[in-house]
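Below: the structure, in structure tokens.
What follows is calculated from the coordinates using simple rules that are stated; it is not laboratory data. Not measured: the values here are computed from a predicted model. Glycine also receives a Cβ, built like all others from the backbone with ideal geometry; neighbour counts cover every protein chain displayed.
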Amino acid sequence: MIAQESLKLGIKASRNATLALALLALVKGAVGIYSGSTVLIADAVHTGLDIFASLAVWIGLKISLKSSGKHFPYGYYKAENIIALFVSLLILFSGVELLKEGFTGVNTTSQLEFQGLALVTAVFSVLTIYGLSIYKRNIGTRINSQSLIADAMHSYTDVFSSMIVVVAVLGSMLGISKLDSFGTIVISLLIFKMGVESARDSVLTLMDAWLDEEESERIKKDIRSIPGLIKLEDLKLRKSGLVVFGEATVEVEGETDLKRVELLSEEVKTAVKKEVENLEHIVVNVKPVQRKNFRLALPVFDMNGFQAKLSGHLGKTPYFLFVDLEEGRVGNWKIFENQFFNSEKKGGMKAVDLIIREKANVLAVKTVGEGPYYMLRDNFVKILQIPDGVDTARDVLDRFQNFEEITTPMK
């Protein structure tokens, strides 16, 4: 499903939910006034306020269809957050007023009339809101709309407040009239809590805050695992309505050509999109620096550690020696068997795949073919040429920083 069709489906779902909530609020309000149930009136106000939540999603999805204007290069997405802030203030005011009404009702005795009608309305409200939450969740999941899914979860929590109304009406029918006022107080507190949370989220979003630290750490971990990156210097993410904008600054070794920078930028974007599906745009800044730590790969004939004899052919070498070098000092090392050294086809490419999997960033070799060369280069593995007279791994470790870089494939 293309983005435009997904947005239109989401708009339709949020519109239907808004209209259904408006009708439900009118029914509960009318029955509440007719029967004298303050808790049903409070729940009608609660549902009325829920209309604004669905309306905000509706408006946000509608605005998402609109192209960026001359004075709004980042789009109109934050209009949803501004609307949500005003709605939050209205919710807070309504919560306070209903709370006063609830406390007033505790000190007075009210007779609930048409109890059966009030009870049927309360049960109908529970079933309707539950059905709406399922409907919005299914559509939201189908089009990957986080706002619609969140609104569905909000509706699901409203099911419980409507169940309070059922309990309050039943209590009144059993002669416990105070339950009506206590139910009003509970719902008022829920409304007030919803207003505080909505206002907080709106203000923080307008201030470009990013609150999901766990998601941010997962993204950073994915970016750091990209071959060719020396360091992730900085990652900034900010929400704007339904979408996310970002900026990442990464370090790579030395001067890098434009094609490789583009490839690296795409990998960074993919890592972010893995966690943030509604990513609108991310800027990747690539900074060239001098690498201090290396993971060196060497093709060798045997498993004699640093005394191993060097192999002259990348694809036909029986083993690979991997050595960690930290600011010139030798650290951990391992020898892996090249399971493909007898392969008749693409042995070099399979060997390169092993080098990349082991996260080597430098390869010292006597010769390299065209396919392996470009595969290594695209994965930011620096290729050094082993000169004549260098026969063992120890010789390479002593002199590799003076080796010349291979910049074109060799025959």
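Per-structure values
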{"read-out": "Global form of the range 213-289, assessed from the alpha-carbon gyration tensor, a/c cut-off 1.5", "value": "prolate"}
{"read-out": "Long-range amide H partners of residue 283 with built H, under 5 Å", "value": "246, 247, 248"}
{"read-out": "Amide H within-cut-off set for residue 293, under 5 Å, with H built and near neighbours excluded", "value": "327"}
{"read-out": "Cβ-based exposure ranking for 207, 303, in which fewest neighbours within 10 Å come first", "value": "207, 303"}
{"read-out": "Aspartates and glutamates whose Cα lies under 15 Å from that of residue 12, excluding same-chain neighbours fewer than 8 positions away", "value": "151"}
{"read-out": "Projected label distance in nm at residue 359 and residue 249, using a 7 Å step from Cα toward the beta-carbon", "value": "2.4"}
{"read-out": "Theoretical FRET efficiency, 1/(1+(r/R0)^6), r = Cβ-Cβ of residue 197 and residue 23, R0 30 Å, to 0.05", "value": "0.70"}
{"read-out": "The range 311-359: Lys pairs at Cα distance under 17 angstrom, eight or more positions apart or on different chains", "value": "5"}
{"read-out": "Length released on extending from residue 346 to residue 388, taking residue separation times 0.36 nm less the Cα-Cα span", "value": "12.5 nm"}
{"read-out": "Sorted by Cβ neighbour density within 10 Å, fewest at the top, the residues 289, 165, 284", "value": "289, 284, 165"}
{"read-out": "Candidate lysines - alpha carbon under 18 Å from residue 193, same-chain residues fewer than 8 apart omitted", "value": "100"}
